[in-house]
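Some notes on the structure that comes next.
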């Protein structure tokens, strides 16, 4: 009877929360599918015991043990849980009842229990990491219940290393951040006109020749001819380095999907092996030094082309256990094929209509080979042209309509439209942003507002939208620090649209409450990130006569300085402490310039808002 009464009281204290986690001091990103917050907290101390039920749950238990020792100096005991009842302490329980990647998280004053499959328990552990807070001399976890699962099965980023290459340590740091925010795919773009970045032992010239260019275009906003730097550039990842990265990712439940571009974007390979191009005596070629699309591509009429690619893909598949192999398929000019006797013979012999169907032949043949190895292909949406390979998954990048078209044809689709999730695009006013590609604008708010599942699809067709991915093309990112700036904090917004169901999203909650907490944590690391503008202003024109601006800091602990003089805001200007009242006369306009300075000294790009009374 006493137990029943306690449970009744506990139920009365429950507060159901959907999209309002921070109201009770909980600031999870991404927002869970279902959460009930209760009063009280669980105290983690030297007497806490970490328990597990089997080998899978033990892995997560060990990770928690290591995390608490590294970050808080607690060396907690690890024990096997041998009973069905809940034991005091923190328990990991293996269970497939909720489905793949799903988990439940329950915390009361005496017990924390995380249950799910292997990946689900890992995501529950990431949730626990976000919930643990130091309060005074105590380490606390709020009492709550979470029943969580992802909206999409595929949640990733595409990292290009063809234009510029980055250290193994940076690749690992990206994977760690993906795992932290419950992302599960690292799509690695390894070959490009401008550099071949993966060691293939059967074809050593791919790296000895194809991995290096003699010079690089000096970047500018519009990719026009602007001179070269005349500096040799290049590098590649050895197979041992790749194995290390793949294993590192697997430990964090992130799948690394390799991309080997074909039939276009292949100039680096042709520089190494010119016989793979169209014609009887093609070449010589050199690794591309300027940005753009090049007409020299793999010959679709020569058998040695397919022999080469099958050999390459065989080695690739030995390195990457991913279910998908990305084969590119985008931006392949057809001019060389139109003039090539081998390609024209292939068209004639296979009763193809034109060069677009020849590309379809190319992709289908590669797909058949990849399928024979127990894998599936995924490619950019141009693989729809000329007829899509039967089992291919489409990555829709040019427009949302391409994803709709593929889904209506019954193909699985990963939405990666440049209109919303291309992270090489600028995030603010161009004159105030670092150098980026000459068109496109994807601020944090635009990423967060994107719904990857088009409403025009039927319920059955919507099932083919299996995920979302952001692309990071790197023509203008010559250092990994620049990649960090372009990735963070947009990654946090991407994580929420990939994991969280639309009914649980809340932009005010995300931008004003949860994200500032996470950026404050990021601010304490050595990572570079774009400090957002003050919440309450935007890079636009506000029309009216009377404004009452209530600004909020985008990073917890930051300060805002501002002026109306039309100059760059300085630390010596007004420190924002209360709402700003602005009354304008007819035809008057004023420029508000502001700067955010974070606790670590990082600063926002200055933003301008014009107030105008018509």
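The values are calculated or read from the model by the stated rules, or taken from the named source; none is laboratory data. All figures in this text were calculated on a predicted structure; none of them were measured in a lab. Note: ideal-geometry Cβ built from the backbone for every residue, glycine included; neighbour counts use all protein chains shown.
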Kindly provide the set of residues from the range 32-47 that are modelled with pLDDT of 95 or more and in a loop (DSSP other than H, G, I, E, B), ordered by number.
32, 33
Go through the range 89-107 and report how many residues are modelled with pLDDT under 95 and assigned to a loop (DSSP other than H, G, I, E, B).
5
Does residue 359 qualify as being at pLDDT 95 or above and buried (at least 22 other Cβ atoms within 10 Å of the Cβ)?
yes
Out of all the residues in the range 398-432, which are on the phi > 0 side of the Ramachandran plot and surrounded by 19 or more Cβ atoms within 10 Å (Cβ to Cβ)?
none
Looking only at helices (runs of 4 or more DSSP H) that lie completely in the range 420-537, which have at least 1 residues being over 30 Å from residue 292 (Cα atoms) and touching a strand residue (DSSP E or B) at 6+ places or on another chain (Cβ under 6 Å)?
490-499
Conditions first: (1) out of contact with any helix residue (DSSP H, G or I) (no Cβ under 9 Å at 6 or more places or on another chain); (2) part of a helix (DSSP H, G or I). Residue 358 passes all but one, so which condition is the exception?
(1)
Given 170, 129, which one is touching a residue at least 24 places away in the same chain (Cβ under 8 Å), in contact with a helix residue (DSSP H, G or I) (Cβ under 8 Å, 6 or more places away or on another chain), surrounded by 15 or more Cβ atoms within 10 Å (Cβ to Cβ) and assigned to a helix (DSSP H, G or I)?
170
Within the range 142-167, the count of residues that are assigned to a strand (DSSP E or B) and surrounded by fewer than 19 Cβ atoms within 10 Å (Cβ to Cβ) comes to 3
Checked pairs for the range 349-378, first more than 13 Å from residue 337 (Cα to Cα), second assigned to a helix (DSSP H, G or I) and at pLDDT below 95, C-beta under 7 Å and 6 or more apart or across chains, list as 363/383
Where residue 56 falls short, out of the listed (1) within 24 Å of residue 499 (Cα to Cα); (2) assigned to a loop (DSSP other than H, G, I, E, B); (3) over 26 Å from the mean Cα position of the chain (by Cα):
(2)
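Listed here are the residues, each with its yes/no results for (1) closer than 29 Å to residue 471 by Cβ; (2) without any contact (Cβ under 8 Å) to a residue 60 or more places away in the chain.
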position: 487; (1), (2): yes, no
position: 495; (1), (2): yes, no
position: 498; (1), (2): yes, no
position: 507; (1), (2): yes, no
position: 511; (1), (2): yes, no
position: 516; (1), (2): yes, yes
position: 532; (1), (2): yes, no
position: 549; (1), (2): no, yes
position: 554; (1), (2): yes, yes
Got at least one residue in the range 217-229 being in the same structural domain as residue 264 (by TED's automatic domain parsing) and closer than 26 Å to residue 316 by Cβ?
no
Tell me, yes or no, whether the range 451-466 has at least one residue that is buried (at least 16 other Cβ atoms within 10 Å of the Cβ), touching a helix residue (DSSP H, G or I) at 6+ places or on another chain (Cβ under 6 Å) and under 12 Å from residue 422 (Cβ atoms).
no
What are the residues in the range 60-78 that are over 17 Å from residue 138 (Cα atoms), modelled with pLDDT of 95 or more and surrounded by fewer than 17 Cβ atoms within 10 Å (Cβ to Cβ), if any?
62, 66
